[in-house]
Number of protein chains: 2
Amino acid sequence: MTHVRPTGPRTEMSWRGWGDPAQAAPLPESLLRLLGGALGIAVGDGRPVPESLSQVRLAPAQLDRRVALELAGIVGAEGVHADSEARLRHALGRSTPDLLALRGSEPIAAPDLVLAPDSHDQVMAVLERCSARRVAIVPFGGGTSVVGGVEPDAGGYNGVVALDLARLNALEHLDEESRLATLGPGLRGPEAERLLADRGYTIGHFPQSFEYATLGGFAATRSSGQASAGYGRFDEQVMAIRVAAPSGTLELGRAPRSAAGPDLRQLILGSEGAFGVITSLTLAVRPAPAMRVYDGWRFASFADGVRTVRALAQDGPRPTVLRLSDEAETALSLAQIGGGGESTALPGCLAIVGFEGSADAVARRRSRVADLLAAAGAEPVAGAGDSWSEGRYRAPYLRDALLDAGALVETLETACFWSSLHGLRDAVSAAVREALMSENPPTPPVILCHVSHVYAAGASLYFTVAAAQSDDPIEQWRRAKAAAADAIAAAGATITHHHGVGRDHVPWYEREIGELGVAALRSVKRTLDPAGILNPGVLLSAETLND
Amino acid sequence: MTHVRPTGPRTEMSWRGWGDPAQAAPLPESLLRLLGGALGIAVGDGRPVPESLSQVRLAPAQLDRRVALELAGIVGAEGVHADSEARLRHALGRSTPDLLALRGSEPIAAPDLVLAPDSHDQVMAVLERCSARRVAIVPFGGGTSVVGGVEPDAGGYNGVVALDLARLNALEHLDEESRLATLGPGLRGPEAERLLADRGYTIGHFPQSFEYATLGGFAATRSSGQASAGYGRFDEQVMAIRVAAPSGTLELGRAPRSAAGPDLRQLILGSEGAFGVITSLTLAVRPAPAMRVYDGWRFASFADGVRTVRALAQDGPRPTVLRLSDEAETALSLAQIGGGGESTALPGCLAIVGFEGSADAVARRRSRVADLLAAAGAEPVAGAGDSWSEGRYRAPYLRDALLDAGALVETLETACFWSSLHGLRDAVSAAVREALMSENPPTPPVILCHVSHVYAAGASLYFTVAAAQSDDPIEQWRRAKAAAADAIAAAGATITHHHGVGRDHVPWYEREIGELGVAALRSVKRTLDPAGILNPGVLLSAETLND
């Protein structure tokens, strides 16, 4: 087939917050009550976001002009951007520290130049030039990282280039018999889904960042979507991959599975742009579902809910979406949908149980799951499933508004085996609470938690933390996050289930895989990227890369 | 829990063929007809297997006596074997070339010493000593490799030690909530299944080598079992792993899935003892099924069968066992169960469709699958499922008897995406046929093929080839296998779906992952095994390891 690309305009991510500014909305009553109540914030306490780009200070560009021209020559005029707006748009992800940095007074480190190649060969040429000139490269997809995955680090380099993959955005091939689609890494979630929906297929990957994040980013960070119970993780859908590395091209994946040595696809997935640049992906796709339904069910306790969710994950039938909120998160969710007074007094724990597929398949699974849930003592909650579905991509907008109002709001996540789940949740909550209570003055937090992804052997836990901002909210969160990460490590859980390592998780990640694991990855890095130009400081600590 | 070990005696693998000599049986009528008919062999043409160990010549041991004593000191008297029988038992796998070598006149390269450590620490100490003394180590599980995975290569080393993991054979821990069992790598399939069955669980991994192969071997070679449609591949069941490498210990796996960087478990799985020695495995287990049933169904053509098997793999319901034979294999299978004359005249293609689980779950899935198969035009074949089940581990015994009779019999396998399946089958069959017809005199082959493992995106193809032995059957097969491997590579398929790389597939494997893939693996190898002592020549070509 001829390459097919998305049509229509592409909404740029707001340069000062999440998503499309036109989608921002005032805080709902429930969150205003939270601010004034548990967090003790008088709305208006917050630091304002800058009104205009001119209010944001960027660190000066340092790339030599001749090198910039050389690089521009590779991608052509259409693919080069050196203006402040382009630099700022590629300077940060969308973690709370990133958003606080935009509100702060420190100059922001930004790439010197943004290059948007339109072919694998152009990417290879850029890598070759940057290796020769010792210019760092940050591969850039949607810029939605919440772990410092795209922040440039120019230390020791002659400049930093953001390599924006937006122009590698074609549906290159569709193999309907094998249900495989070959796609460009720069396609955003909705763009890829629309191209496939026109042909009757879906990828089925819907993380909260879906509207802005890209396929290449999903792969590079081992993303997992809200419908992972049904469609699997993104990494499980990657059947073949093409990678441009400074040392050459890797083409991996000749069959769904193979016994031909270690699975090298799994060495690229999760490498976060530090080993190479993904220039093409072949993904497992499925027929677009005729039906999607999301139900809400309430359990008396988190323990009851976990037991039942575990049984569904282990013995089936597996819903497409399966999530379970703890009591605190449930109270807030039900308040948002205007749950009645009595029911929110004892909110229990809300599960979202969704089904996608043919009408027949949905009806069959939904009815069997409903029987199992009812037998486990759960009760249906009218409207909760639809409310979740309508709000599923809204949380980052709400965070912007809460930050504006003076709250510190951030999320963190982990995963473990089932037998550690309750202990892990308690330990992380206690660590975060203690850290925020140790601020001077103390900033008592509200901590919400849900089981966001399930497997037969375990699950992920996703925490949302809110507190009043201290005088230095970036440091305040750094301390709370470090306490959480230490608790995760002490519990033997993984430092991240789907956000990735970025810069923020490097110390814990290096401890998680051990000295020898780090050494093995470092040897791979040196082989693929001998000059060490790819995303320095992300995945592995920069200072240890060249020892 | 306290470590629990298998009780009762352990049947040793025959030193001159497959399995338990007591299980050998005369060739069935159908295979005698094949010999006298299509293969044109007068039974009795074959070279006999040696009668006694004294008839087998081993290459002389070369390990320095002081080094041998040093190593013996690590594992204790119980763990050291230097006699000819022990050396021979660790010298070869069970490929047809291995079995032909036992019938040949060339001396057999055997390890100088067999060491059987009984702890991770002993393994580490052996690795340290062998690195210091430049002694090669071949990690040894069940010795069932059919790709040259355990043949020692002493070139450039001061000797070769077989590291037999048989004493690392405990069920170390059972986490019933997470459905995880931590097990020693030296446990054979049936030993592990019995330990787990006593506690109500199964691994569900049943490859043809099940009775003799070990868990460590399953992991190191990315084994896939006959029930993979239901239980998944072995590599998918490995949740955590401990690895002893000369450079240190790796402990990997803190959750079912993680976004913490590349999945390092996937770098060890498939590394075939060249990167480290697996000393403990944590596997996903399932409740032992109350019911197992295997049905036979006949399709009019292979194309019809593939279409239907693909639909089951893509849209479900997924049987636990799902295999589809081509016409030639079907004719032979049905002849073995005494299928009537008329039905074998037009044998069609036989599918084995098995279900394991609770009685309810089996009944529900079996009835839905039966409806789909009938709607696709398939007909039930009485007795075929039970016949397959009874004979599922017998093929290697039959191969021994066919080799005795003068036939060359071997299998090979590959995998690809669905859209390439028919072309791949035709290309491999044609290449093997042409190679064997080019022998002087020509040795016209019988080639059987089945789809042995299915995925949503593709499947594996498993070929059985039989011909009359030429004067030099090892070279005869080498040429036929090379022709098949070239055809697999040309079709863009993988050189192995579940047999592994060993020595035999190295040239094609290195082309499959490309120069850069090889370089990446070589860098990992150098980091984990700086002296290059682990299984030299397996997985990666020995001559390129130290460049």
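The values are calculated or read from the model by the stated rules, or taken from the named source; none is laboratory data. For clarity, every value in this text was computed on a predicted model and none was experimentally measured. No Cβ is skipped: glycine too gets one built from the backbone with ideal geometry, and neighbour counts run over all protein chains shown. In case anyone asks, the SASA skips ligands and DNA or RNA and just uses the protein heavy atoms, side chains included. Shrake-Rupley method; radii C 1.70, N 1.55, O 1.52, S 1.80 Å.
From the set of residues in segment B:139-162 that are assigned to a strand (DSSP E or B) and not β-branched (V, I, T), which is nearest to the chain's Cα centre (by Cα)? Selected residue: B:F140. Summed over segment A:192-209, residues that are open to solvent by less than 20 Å² (accessible area, probe 1.4 Å) and either within 21 Å of A:G500 (Cβ to Cβ) or part of a helix (DSSP H, G or I) (or both) total 8. Among all positions in segment B:163-170, there is at least one residue which is of a type outside the set (S, T, N, Q) and in a strand (DSSP E or B). The residue list B:A431, B:A415, B:A363 contains one member that is part of a strand (DSSP E or B) and either at pLDDT below 95 or of a type in the set (G, A, S) (or both), which is B:A415. Within segment A:264-285, identify whether any single residue is open to solvent by 30 Å² or more (accessible area, probe 1.4 Å) and within 24 Å of A:R222 (Cβ to Cβ), and answer yes or no. The answer is no; no qualifying residue exists. Criterion first (among the acidic types (D, E) and open to solvent by 10 Å² or more (accessible area, probe 1.4 Å)) does B:E413 satisfy it? Against the criterion (among the acidic types (D, E) and open to solvent by 10 Å² or more (accessible area, probe 1.4 Å)), B:E413 does not qualify.
Being within 14 Å of chain B (Cβ to nearest Cβ) and either open to solvent by less than 30 Å² (accessible area, probe 1.4 Å) or among the hydrophobic types (A, V, I, L, M, F, W, C) (or both) is a condition met by at least one residue of segment A:468-485.
Being open to solvent by less than 10 Å² (accessible area, probe 1.4 Å), closer than 24 Å to A:L163 by Cα and in a strand (DSSP E or B) is a condition met by no residue of segment A:217-229. I need the full set of residues from segment A:526-543 which are more than 8 Å from every other protein chain (Cβ to nearest Cβ) and within 16 Å of A:G502 (Cβ to Cβ), in order please. Those that are more than 8 Å from every other protein chain (Cβ to nearest Cβ) and within 16 Å of A:G502 (Cβ to Cβ): A:L534, A:N535, A:P536, A:G537, A:V538, A:L540, A:S541, A:A542. Scanning segment A:492-512 for residues that are surrounded by fewer than 24 Cβ atoms within 10 Å (Cβ to Cβ) and of a type in the set (A, V, I, L, M, F, W, C), we see that the one that is farthest from A:V160 (Cα to Cα) is A:W508. Of the residues B:G93, B:G143, the single one that is modelled with pLDDT of 95 or more, closer than 28 Å to B:H3 by Cβ and either of a type outside the set (D, E, K, R) or in contact with a Lys or Arg (Cβ under 7 Å, 6 or more places away or on another chain) (or both) is B:G143. The number of residues in segment B:113-138 that are in contact with a helix residue (DSSP H, G or I) (Cβ under 7 Å, 6 or more places away or on another chain) and either part of a loop (DSSP other than H, G, I, E, B) or within 30 Å of B:P396 (Cα to Cα) (or both) comes to 8.
Does segment B:25-43 contain any residue that is without any contact (Cβ under 8 Å) to a residue 24 or more places away in the chain and of a type in the set (K, R)? Checked against the condition, which is being without any contact (Cβ under 8 Å) to a residue 24 or more places away in the chain and of a type in the set (K, R), segment B:25-43 yields no hits at all.
Under 27 Å from the mean Cα position of the chain (by Cα) and over 26 Å from B:A467 (Cβ atoms): which single residue out of B:L53, B:L63, B:L35 fits that description?
None of the others qualify; the one that does is B:L53.
Examine segment A:455-464 for a residue that is within 27 Å of A:R47 (Cβ to Cβ) and more than 14 Å from chain B (Cβ to nearest Cβ), and state whether such a residue exists. Yes, some residue in segment A:455-464 is within 27 Å of A:R47 (Cβ to Cβ) and more than 14 Å from chain B (Cβ to nearest Cβ). So which pairs qualify, if the first residue must be in segment A:488-502 and more than 7 Å from chain B (Cβ to nearest Cβ), the second must be outside any loop (DSSP other than H, G, I, E, B) and of a type in the set (G, A, S), the Cβ gap must be under 9 Å, and the two must be at least 6 apart or on different chains? Hits for this filter: A:I488/A:A427; A:I488/A:A431; A:A490/A:A427; A:A490/A:A431; A:A491/A:S420; A:A491/A:G423; A:A491/A:A427. Of the strands (runs of 3 or more DSSP E) entirely within segment A:243-329, those holding at least 1 residues that are more than 13 Å from chain B (Cβ to nearest Cβ), over 19 Å from A:S452 (Cβ atoms) and in contact with a strand residue (DSSP E or B) (Cβ under 6 Å, 6 or more places away or on another chain) occupy A:277-284, A:291-299. Within segment A:513-528, the set of residues being farther than 18 Å from A:F275 by Cβ and either open to solvent by 30 Å² or more (accessible area, probe 1.4 Å) or of a type in the set (D, E, K, R) (or both) comprises A:E515 only. Just one residue in the set B:L421, B:L372 is over 20 Å from the mean Cα position of the chain (by Cα), crowded, with 23+ Cβ neighbours inside 10 Å and at negative phi; that residue is B:L421.
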